[in-house]
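Read the figures in this text as sums done on the coordinates, not as results from a lab. In this text, all values refer to a predicted model and were calculated from it rather than measured experimentally. In this analysis, Cβ positions are derived from the backbone assuming ideal geometry, glycine residues included, and neighbour counts consider all displayed protein chains.
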Amino acid sequence: MENIYLDHAATSPMHPEVVAAMTEVMTETFGNPSSVHSFGRQAAGKLEMAREVIGKSLGVKYHEIIFNSGGTEGDNTAIMETAFGRQSEGRHLITTQIEHPAVINTMKYLETQGFEVTYLPVDRKGNISLADFDASLRPDTILVSIMYGNNEIGNLMPIKEIGERLKDHPAYFHTDAVQAYGNQFIRPHELGVDFLSISAHKINGPKGVGFLFKSDQAKLAPLLRGGEQEEKRRAGTENLAGICGMAKAVELLTEDEREKRQKLYDQFTQKVLTTLDQAEIAYHVNGDLNNKLPHVLNLRFNGIINDLLLMKLDLKGIAVSTGSACTAGTIDPSHVLEAMYGKNAPEVRESMRVSFGYGNTIEQVDYFAEQLVASLQELTKNK
């Protein structure tokens, strides 16, 4: 069997059509979109076509899309610039304990600058309580930042309900939708979302490029200062090839394609769980199976250290992970699982994340499930 990649929540392979679109732009359109001559105008035309494709995918005005380097920059821009730009109105922010490090660490930085942050807890299924949210919301709350779907356990957050609660409140609402954009139907205006961050490399696009949706209703100073690109909202010459590659990836994600992927990933999940059940392997699903992104599956195997399991699978050519790729290279335990189960809980060291994506087949998942069972049986025997 060939190598099998099941870590799409960390990054995803580029679609061949994305590679072709980028190659064409790099070869034929090297002009600076800010230049007034024909080379620049040609580049600017491609830039605006890409903006249109992405704006349509979210049902927003095209100029509400600001191109940038990805999710981390989008998160930092929305959070930092709201905090510093609105501090005269209040210095309180709300987020959750299970956000991506790009949000959590930005919030921690703001705490050192005199801001107060409420980190909403989650239950053992990884869900936040709307009652907790209601109790946390204050007149001096200036920003709420809650992810659309969690990158480690896949849980969907109650974005619509929070948006409704903020309708008559002055706080801005930001959501990191990096994991959700590839398979969820998202309409920021209908959800009451002011800012939404996206990375291209999670949707079979290139790394190092993404965008921030900024509603016209919200005021936001630029994070980067310099030239007048992106309507003076994000300085720096645009990465045209990357942006066109991202737009191609978005174009390929039609509504039908998103639905098709959802169904396929649900089948993959059922295949893995059924194989484990048939082999009488004891396991627990971390997160809420009835309220999650379809491509993320986080499993706990009692008494099995996840690093050993990962190594066994890696030797068999199968790539899975223990959590966020932004922290997985370190020895830090998963802050998401710690928020669910408590610090030093056994679940934190006995869990692994499987994430499906473009290119995966039912045959690959079948093989993975068989090898997972074999690896778990070997590790149990050697205990």
* For segment 54-98, with only Lys/Arg (+1) and Asp/Glu (-1) charged at the beta-carbon, what is the dipole magnitude about the Cα centre, in debye rounded to 20? -> 120 debye
* **Ranked by how many other beta carbons lie within 10 Å on average, peptides 151-163, 201-213, 23-35, 245-257 from highest** => 201-213, 151-163, 245-257, 23-35
* Between helix 306-315 and the chain: long-axis angle, C-alpha atoms, 0 to 90°, nearest 10 -> 90 degrees
* **Highest-first arrangement of 222-234, 166-178, where packing means the average Cβ count within 10 Å** => 166-178, 222-234
* Asked: Mind checking the alpha-carbon convex hull of segment 16-252 and giving the volume per residue in Å³?
  -> 114 Å³
* **Likely footprinting exposure, SER321, SER145, fewest C-beta neighbours within 10 Å first** => SER321, SER145
* Structure fact -> Taking the chain and counting helices only, DSSP H stretches of n ≥ 4 at -39,500 (n - 2.57) each over all residues, the nearest-500 ellipticity at 222 nm comes to -13000 deg cm²/dmol
* Net dipole in debye of the chain [+1 Lys, Arg Cβ; -1 Asp, Glu Cβ; about Cα centre; nearest 20] -> 320 debye
* Asked: So for LEU309, LEU372, LEU264, LEU130, fewest C-beta neighbours within 10 Å to most, what's the order?
  -> LEU130, LEU264, LEU309, LEU372
* Given the C-alpha centroids of segment 125-151 and segment 236-277, what is the distance between them in whole angstrom? -> 27 Å
* To do: Sort LYS292, LYS61 so that the residue with the fewest other Cβ atoms within 10 Å of its own Cβ comes first and the one with the most comes last.
  => LYS61, LYS292
* Asked: What is the extension gain from LYS108 to GLU228, computed as 0.36 nm multiplied by their sequence separation minus the C-alpha to C-alpha distance, in nm to one decimal?
  -> 40.2 nm
* Asked: For segment 207-256, what is the charge dipole size about the Cα centre, in debye to the nearest 20, if Lys and Arg each add +1 at the Cβ and Asp and Glu each add -1 at the Cβ?
  -> 380 debye
* Could you tally the net charge around MET147, taking each other residue with its Cβ under 10 Å from the Cβ of MET147, Lys/Arg +1 and Asp/Glu -1? => -3
* Just how far, in whole angstrom, is segment 1-77 from segment 172-214 if you go by their alpha carbon centroids? -> 13 Å
